[in-house]
Structures are given as C-alpha cells and as structure tokens.
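The values are calculated or read from the model by the stated rules, or taken from the named source; none is laboratory data. Remember, predicted model here, so these are calculated numbers, not experimental data. Note that we place each Cβ from the backbone using ideal geometry, even for glycine, and neighbour counts take in every protein chain shown. Heavy atoms of the whole protein, side chains included, go into the accessibility calculation; ligands, DNA and RNA do not. Shrake-Rupley method; radii C 1.70, N 1.55, O 1.52, S 1.80 Å.
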Amino acid sequence: MKRWIFIALLACSMTGWAQEKKTAGNPVFPGWYADPEGIVFGKQYWIFPTYSAPYEQQVFFDAFSSPDLVNWTKHSRILDTQRVKWANRAMWAPAIIKKGKKYFLFFGANDMHKKGEGGIGVAVASKPGGPYKDYLKKPLIDEVVNGAQPIDQFVFRDKDGEYYIYYGGWGHCNIGHLKKDFSGFIPFEDGSTFKEVTPKGYVEGPFMFIRNNKYYFMWSEGGWGGPNYRVAYAIADSPMGPFERIGTILQQDTTVATGAGHHSVIQVPGKDEYYIVYHRRPLGKKGANERETCVDVMKFDEEGKIIPVKMTFEGVAARPL
C-alpha cells in the first residue's frame, strides 16, 4: 500500500511539473538580469542580458539559450572585463549580430561621461555562447556626439545588407553606418559620422525591426530605476526615420510588475510571430537593480500598429524552431 501511495504522489508531482513547463513562466530564468537582447541563431533562441548589479560588480555577461522559449540553459561569463582591458566597470546592454561565421557582441562599458572614460565596444566569438574576446582593443565609440551618451547600442542589418548602429542615452539617439568589418563607420553624404534620430519621449534603449517593409523603431522612456519605465515606438519608411511617436506598448501593471522596459523583439524566422523580451521589477521590490528578464507575446492590429503588451506571470508557450 505504501508503495502505491508513493507512486501516486510521484505521478502527481511529475504531472504538476509537466504542467508548469507548458509555459516558460516569468521571469524566464532566475537571477537579476536586465536590458535583454533576444535573437535566433539556427534552431536556438538566445538572450543576452545585463547582469543587474551595482556598477562595480557589473563586470561580466552571461547568456541564455533555449530550443523552445521554455527551457533555458545558462552560459556563464561569455565576456568579462579581464578580456576587455579598457573596461573596468558597468558593462551593460549587449547587442549581438552574426556576420559570416562570426558573432559580434557590442556592449557599453565604464558609464562614459567624457572622452577617454570608455564607451561602446565590440567583442567577437566563433559561437554564440562564446567565449568572446575584445575585437578592436579599444572602444568603437568613445565620445559624446549630439548629446548622446555612448550606451544602449543596437546593431541592425537593413534589407540591402548594410549595417547600422543605433545608440544613446541622456535623451538622445544617434545612428551610424557601420563598415563591413565593424571596425568603424562609413560617413554619411554630408560627411558626418553620426546623425541624430531622436523621437519625442526617447530616453534610451533603441531597437529596430522590419515588418511588411515598414521600419519599427522602439525605445524606452522614463527612469530605468523607477516604476514608470516603459516602451514606446514609431513606424517609418526608412532606417533613418523620421520617427514620429505612436504610443506606449509596454508599461507597469500594478497587479504584475513595475519598471517594464529596455526590451528587444524576437521574430520566429519566416513567420509573422513576435515576442517581446524585456526586464521588469517584481512587485514589492524597490531596488534599482532588482530587475528580471521576461518574455511575452507581441501582436499587431490590422493597421500594423503594435497592440499594447499584456505582461504575464505565465509567460509564453513552447515554440520550438
């Protein structure tokens, strides 16, 4: 009789576990992580976040991979300040792109306020989980241009195969045309290296994707350490804009979480299926660095506008590639 009771309890336990794993749950993995860059490489989803800690402890990056958005594997310390000699603190907001057989990880370091203090760097690896090494041995961007602090970079491949970088804090966003080898920039026709493309309300955290030949430009507003952090967007016909603010699509929900922002978007390859990857602050938490990474579904209306995202605790269902 005891044996059958044990088997019954075990079956109930396993059934409960299986039910729990039908969805990812939010956060999608444990720990304080923010500014998540979500992307697909091959048959794997990847998330590259900031390790959310005081600047002096924020000196490395972890990454996470999943075959289905539900089960995640941690890849520890894919890059740290020991491998980037010019960086010593505050590594954050990674952006990644594959070119050829190499993976290029762009990152901000040192919370740069003036030239010579740090900026945006590039690391390279032969596989997405690293290890990465410093690509340029110096920052790619190391000065304040158009009022934009060199942080929160996003690298975008346009339809014609050209690569652009969007970046900027302090309420200003710049775009630069990257060289093919990511070693520097191709000047624009007027000779400038960067052009300001700041939309109304912009604070930081730019992101771009294309849907139905339209350019969806997204960014974060509010203060990253507070409850009103949020995501807004614009739609344009060119990667250069102009970007006219349409509305807010992600913000705090006092029944779920606060401080929801600094996001990215994953598109299932070849499908009109999208997920928003973002960080938020659990209810009852007030610390600026108490942020966790979450994933929810993102949908569009018939006009192509983004429907405001409903944050959930359940997260998304399994979606193998």
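Values for this structure:
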quantity: Test: residue in segment 274-282 that is charged (D, E, K, R) and touching a Ser or Thr at 6+ places or on another chain (Cβ under 6 Å); calculated: yes
quantity: Failed item in (1) touching a Leu at 6+ places or on another chain (Cβ under 8 Å); (2) free of Cβ contacts under 8 Å to residues at least 40 places away in the same chain; (3) under 26 Å from PHE156 (Cα atoms), with THR258 passing the rest; calculated: (3)
quantity: Cβ pairs under 9 Å, 6+ apart, first in segment 23-36 and free of Cβ contacts under 8 Å to residues at least 24 places away in the same chain, second of a type in the set (Gly, Ala, Ser); calculated: none
quantity: Residue within segment 161-176 that is out of contact with any Gly (no Cβ under 9 Å at 6 or more places or on another chain), open to solvent by 50 Å² or more (accessible area, probe 1.4 Å), of a type outside the set (S, T, N, Q) and outside any strand (DSSP E or B) present; calculated: no
quantity: Pairs where the first residue, in segment 91-116, is of a type in the set (Lys, Arg) and the second is open to solvent by 10 Å² or more (accessible area, probe 1.4 Å) and part of a strand (DSSP E or B), C-beta under 9 Å, 6+ apart; calculated: LYS98/ILE39; LYS98/PHE41; LYS98/PHE104; LYS99/ARG157; LYS99/TYR163; LYS102/VAL124
quantity: Among residues of segment 144-160, those that are under 17 Å from PHE188 (Cβ atoms) and either in contact with a His (Cβ under 9 Å, 6 or more places away or on another chain) or surrounded by fewer than 18 Cβ atoms within 10 Å (Cβ to Cβ) (or both), counted; calculated: 5
quantity: Residue in segment 262-274 that is assigned to a loop (DSSP other than H, G, I, E, B), free of Cβ contacts under 8 Å to residues at least 24 places away in the same chain and under 29 Å from PHE194 (Cα atoms) present; calculated: no
quantity: Inter-residue pairs, beta-carbon under 8 Å, first closer than 22 Å to LEU105 by Cβ and in segment 143-171, second of a type in the set (Gly, Ala, Ser) and open to solvent by 10 Å² or more (accessible area, probe 1.4 Å), 6+ apart; calculated: none
quantity: Hey, GLU117 among the charged types (D, E, K, R), touching a strand residue (DSSP E or B) at 6+ places or on another chain (Cβ under 9 Å) and over 28 Å from VAL297 (Cβ atoms) or not; calculated: no
quantity: Positions within segment 48-87 being free of Cβ contacts under 8 Å to residues at least 40 places away in the same chain, buried (at least 16 other Cβ atoms within 10 Å of the Cβ) and not in a strand (DSSP E or B), in sequence order; calculated: GLN58, VAL59, THR81, ALA87
quantity: Unmet requirement for ALA318, which otherwise passes all of (1) aliphatic (A, V, I, L, M); (2) closer than 19 Å to PHE154 by Cα; (3) open to solvent by 20 Å² or more (accessible area, probe 1.4 Å); calculated: (2)
quantity: Condition check for GLY191: open to solvent by 20 Å² or more (accessible area, probe 1.4 Å) and without any contact (Cβ under 8 Å) to a residue 12 or more places away in the chain; calculated: yes
quantity: Filtered residue count, segment 157-186, keeping only those that are touching a strand residue (DSSP E or B) at 6+ places or on another chain (Cβ under 9 Å) and over 15 Å from LEU140 (Cβ atoms); calculated: 9
quantity: Residue selected from segment 261-291 under the condition open to solvent by 10 Å² or more (accessible area, probe 1.4 Å) and within 10 Å of the chain's Cα centre (by Cα), by the criterion farthest from GLN153 (Cα to Cα); calculated: VAL265
quantity: Meets criteria (closer than 28 Å to GLU162 by Cβ and either surrounded by 13 or more Cβ atoms within 10 Å (Cβ to Cβ) or among the β-branched types (Val, Ile, Thr) (or both)) for MET298; calculated: yes
quantity: Residues of segment 194-206 that turn out to be in a loop (DSSP other than H, G, I, E, B) and surrounded by fewer than 19 Cβ atoms within 10 Å (Cβ to Cβ), as a count; calculated: 2
